[in-house]
Amino acid sequence: MSQQDRALRAMSERIALARQAQISWAEKTVPQRCRWLRRFRSWLVERSGDWIAVIDREVGKTREECLATEILPFAAACAHLAHSAPRLLAPRKARGTPLFLAGGRDHVHRRPRGVVGIIGTWNYPLILSGIQIVQAVVAGNAVIFKPSEKAPDCGKFLIEGLLEAGLPDGLVTILNADAASGEALVEADIDHLVFTGSKAIGARIAQALAPRLISSSLELSGHDALFVLDDADADAVQAARAAWFGSLANRGRTCMATRRCLVAPAALDLFRQTLAKLAGNSPAMVQDRPSGANERAAHARALADAAVASGARWLIGLPEGNHTPFILENVTAEMRVWREDLFVPLLAIMTCPNEASMLAADAACPFALGAAIFGSEKRAALLASRLRAGLVTINDVLIAAGHPDTPIGGRGASGWGSTQGAEGLLEMTVPQVVRVSTGTFRPHYDIVIPNHADMGDLLESFLRMDHARSWVSRIGAAFSVPFRAFAWWRGQAK
């Protein structure tokens, strides 16, 4: 037996065990499924020091970063999920039943998908994968989890905590962190796949799943824009500080990091001056911990150099070994640096005379994950309604993604589906309609009888009663319904 055949056989065995565990787990009520989540949240708090150590060792984050961007928001998400899941997953009674469907009750149930595969990421190894796993489990699914090869210990520690909190054996299975395990998971007999990562790999996953019609949630690359409107000239300093923070957060290793700045002429000078001042007062950042950092930086620098050759200018260059942002201005939408995803601190500035030109320039980029707008709330809200981005922050940046009740998801090259929030939880389920018909009134059975005059007259009365233009016609049809229903019943009695 070849190594590939052994890997496929091992995966099939894991899937079979997961399906057995999932059947029993799905039979529990949602409140019962949430009990372990409260125990897990306590474990997360008690082991926060260990989490800080393992995240710093594999990814490279300070204690403050770990607490602010991983542990604290994940604990909040667990608390919110335990509180909201029973309501969100409860059966919903169908409202507004039309008269021709009278004599029954319709409910919409949220059923678990079954076995959900989750391929984790490394830049936020606790909160991103953690929220996806706990939402899948609370929704009644089993999970096969493949952690990032750049953060395998974070993945192991996360699963250790979930099992210590009391999840049944086999409900959550962790794979090896290598790429081969991820490829095997994509080819496995799962019911849904969640992937967080680059557009290139996400596209390959989508192609692999398509022939088998397996659904997916793909949270892919971003190339986020920050808009500075002409009525924000007084706040250009704040906008520049936001762009600086949005570019540097997690050393630029954030899918929603600020990459593109679309600035009105009135705010440009103060915006540029503030960025230059911030760059001059900021110390150099340490080298990225995971492998691949040099390749990512080299690719970004090549795109920047190509932009300069096409007319862009350096506002802040990139000295060797310094990971503070390098900033380009006079960028155009045709340049690759404006259109291709990056994973290093880089800001590309474009001057746009009005909001129409901002929208056109933004649309030239295929990514639509997040955005930020600085300006008056009314104008900013109107602009937000015309953007494709899945998350828009007005007069701030990034912070809205930390709210446990907001979904994360993009459009275009940034993927599809949602993680986090109510939408992320419902993404782990499928709707099922259950109707219970009462009594013996079944006029629809006679639809298949050709030229059934009584049936046709009754249906026409229903149509005019509910949808005729004039109230006179509706009232007249309503009066005719009992008589035509009686005629139909008398025909049935014969």
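The values are calculated or read from the model by the stated rules, or taken from the named source; none is laboratory data. None of these values were measured; they are calculated from a predicted model. Cβ: placed from backbone, ideal geometry, glycine included. Neighbour counts: every protein chain shown. These area figures cover heavy atoms from the full protein model, side chains too; ligands, DNA and RNA do not enter into them. Shrake-Rupley method; radii C 1.70, N 1.55, O 1.52, S 1.80 Å.
For segment 305-405, the Kirkwood hydrodynamic radius from C-alpha pairs, put into Stokes-Einstein at 20 °C and a viscosity of 1.002 mPa s, yields a diffusion coefficient of 142 µm² per second. Rounded to whole Å, the principal axis extents of the Cα atoms in segment 22-162 read 64, 24, 24, largest first.
Between residue 441 and residue 467, the C-beta separation translates, for a Förster distance of 22 Å, into a calculated FRET efficiency of about 0.55.
Once the Cα gyration tensor of segment 325-481 is found, what semi-axes does its equivalent ellipsoid get, as square roots of 5 times the eigenvalues, in whole Å, sorted largest first? Write down the numbers at each step before the final one.
Values: eigenvalues 593, 90, 51 Å².
For segment 325-481, the semi-axes come out at 54, 21, 16 Å.
In angstrom, the C-alpha Rg and Dmax of segment 437-494 are 12.1, 36.
At a 1.4 Å probe, what is the % contribution of carbon and sulfur to the accessible area of the chain? It would help to have the intermediate numbers written out before the result.
On the way: 12840 of 23110 Å².
Carbon and sulfur together cover 56 percent of it.
Helix 265-281 and the longest principal axis of the C-alpha atoms of the chain enclose an angle of approximately 60°. The DSSP beta bridges internal to the chain are antiparallel in roughly 35% of cases. Remark: spin-label model distance residue 26-residue 460 equals 4.7 nm, labels positioned 7 Å along the Cα→Cβ axis. Taking every Cα-Cα distance in segment 2-97 and sorting them into 10 Å bins from zero, the calculated P(r) comes out as 13, 25, 25, 28, 8, 2 percent. For segment 25-89, the solvent-accessible area with a 1.4 angstrom probe is 48 square angstrom per residue.
Kirkwood hydrodynamic radius of the chain, from the reciprocal of the average inverse Cα-Cα distance over all distinct pairs: 25.6 Å.
Starting from the exponent 0.38 and prefactor 2.2 Å, build the expected Rg for segment 107-207 from its residue count and divide its actual Cα Rg by it.
Values: Rg = 13.2 Å, N = 101, 2.2 N^0.38 = 12.7 Å.
Compared with the compact-globule rule of thumb, segment 107-207 sits at 1.04.
Among 444, 112, 387, whose Cα lies farthest out toward the positive end of the dipole of the chain, if unit charges sit on the beta carbon of Lys, Arg (+1) and Asp, Glu (-1)? Final value for the positive-end residue is 444. Normalised by residue count, segment 50-105 yields a Cα convex hull volume of 124 Å³ per residue. The distance from the alpha carbon centre of segment 346-377 to that of segment 388-428 is 18 Å, rounded to a whole number. Specify the inter-centroid distance of segment 54-118 and segment 161-233, based on alpha-carbon positions, in whole Å. Each part's Cα centre sits 16 Å from the other's.
So, by mean Cβ neighbours within 10 angstrom, what's the order for 393-405, 140-152 with the highest one leading?
On the way: 393-405: 18.0, 140-152: 24.1.
Peptide ranking by packing, descending: 140-152, 393-405.
So what's the angle, to the nearest 10 degrees on a 0 to 90 scale, between helix 453-467 and the longest Cα principal axis of the chain? Between the helix axis and the principal axis of the chain, the angle is about 40 degrees.
Of the peptides 112-120, 45-53, the ranking by mean beta-carbon count within 10 Å, highest at the top, reads 112-120, 45-53. The radius of gyration of the Cα set in segment 193-268, together with its Dmax, comes out at 17.5, 55 angstrom. Listed by chain and number, the lysines placed with their C-alpha closer than 27 angstrom to that of residue 156 are 28, 61, 146, 199; residues fewer than eight positions away on the same chain are left out. Using a simple spin-label model with pseudo-atoms 7 Å out from Cα toward Cβ, residue 483 and residue 87 lie 5.0 nm apart. The simple spin-label model puts a point 7 Å past each Cα toward its Cβ; for residue 295 and residue 153 those points are separated by 2.3 nm.
Taking 0.36 nm per residue of sequence separation and subtracting the Cα-Cα distance, how much length would be gained by fully extending the chain between residue 101 and residue 200, in nm to one decimal? Kindly include the intermediate steps, with their values, before the conclusion.
Details: separation 99, 0.36 × 99 = 35.64 nm, distance 4.83 nm.
My answer for the length gained is 30.8 nm.
In the calculated pair-distance distribution of segment 23-66, the portion above 12 angstrom amounts to 67 percent of the Cα-Cα pairs.
Could you work out Rg/(2.2 N^0.38 Å) for segment 351-440, with Rg from alpha carbons only? If you can, show how the numbers build up before the last one.
On the way: Rg = 18.2 Å, N = 90, 2.2 N^0.38 = 12.2 Å.
In units of the globular-protein estimate, segment 351-440 measures up at 1.49.
Stretching the chain fully between residue 269 and residue 179 yields a gain of 27.7 nm (0.36 nm per residue, less the alpha carbon separation).
How big is the shadow of the Cα convex hull of segment 397-494, averaged over all directions, in nm²?
12.7
Which order, highest average first, do 90-101, 127-138 follow once you tally other Cβ atoms within 10 Å for each residue and take the mean per peptide? Working shown, then result.
Working: 90-101: 11.2, 127-138: 25.4.
Top to bottom by mean Cβ count within 10 Å: 127-138, 90-101.
For segment 125-167, the direction-averaged projected area of the alpha-carbon convex hull comes to 2.8 nm².
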